[in-house]
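**Student:** Handing you this structure, nothing more for now.
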Amino acid sequence: MPFYKVVYAEHKDGVQSQFRYSYKDWLVDRWLEENCQAPYYHSPGWTTEKYIQFECSIDAVLFSLRWS
């Protein structure tokens, strides 16, 4: 099964994403809980970009239209 990756934030200063949690992250989490029909996965904390991997292409498209 392919996963659909959608990046919604990236930090250029090299700080890992696990050390940054913003209001946008909270809004994204709420949107995911309310709108996704299939499982999704957050990016690992050691990356400098924040993304979501979706199992459902429809969830990925709706998320990218709202947050990318």
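**Student:** Quickly run through region 1-54 and pick out the residues that are out of contact with any Gly (no Cβ under 7 Å at 6 or more places or on another chain) and either β-branched (Val, Ile, Thr) or touching a residue at least 60 places away in the same chain (Cβ under 8 Å) (or both).
**Tutor:** Within region 1-54, the subset out of contact with any Gly (no Cβ under 7 Å at 6 or more places or on another chain) is 1-15, 19-47, 49-54.
Hits for region 1-54 are 6, 7, 8, 15, 28, 47, 52.
**Student:** Among the residues in region 15-36, are any in contact with a Ser or Thr (Cβ under 6 Å, 6 or more places away or on another chain) and at pLDDT below 85?
**Tutor:** yes
**Student:** Looking at (1) assigned to a helix (DSSP H, G or I); (2) in contact with a helix residue (DSSP H, G or I) (Cβ under 8 Å, 6 or more places away or on another chain), can you tell me which one residue 9 breaks?
**Tutor:** (1)
**Student:** Also, I was wondering about something else. Just name the residue that is surrounded by the fewest Cβ atoms within 10 Å (Cβ to Cβ) out of those in region 52-63 that are closer than 17 Å to residue 30 by Cβ and of a type outside the set (Asp, Glu).
**Tutor:** Quick first cut of region 52-63, residues closer than 17 Å to residue 30 by Cβ only: 52, 54, 59, 62-63.
Of the ones still in play, those that are also of a type outside the set (Asp, Glu) are 52, 54, 62-63.
On the way: 52: 24, 54: 25, 62: 17, 63: 22.
Within region 52-63, the match that is surrounded by the fewest Cβ atoms within 10 Å (Cβ to Cβ) is 62.
**Student:** Can you name every residue in region 5-39 that is among the charged types (D, E, K, R) and surrounded by 11 or more Cβ atoms within 10 Å (Cβ to Cβ)? Show your work before the answer.
**Tutor:** First, pick out the residues of region 5-39 that are among the charged types (D, E, K, R): 5, 10, 12-13, 20, 24-25, 29-30, 33-34.
Residues satisfying the conditions are 5, 10, 20, 24, 25, 29.
**Student:** Which of the residues that make up region 30-62 are assigned to a loop (DSSP other than H, G, I, E, B), of a type outside the set (S, T, N, Q) and closer than 15 Å to residue 19 by Cβ? Step through it out loud before you land on a result.
**Tutor:** Taking region 30-62 and keeping what is assigned to a loop (DSSP other than H, G, I, E, B), we get 36-39, 43-48, 55-56.
This time we only want the ones that are of a type outside the set (S, T, N, Q), so: 36, 38-39, 44-46, 55-56.
Matches in region 30-62: 44, 45, 46.
The values are calculated or read from the model by the stated rules, or taken from the named source; none is laboratory data. Source: prediction; values computed, not measured. No Cβ is skipped: glycine too gets one built from the backbone with ideal geometry, and neighbour counts run over all protein chains shown.
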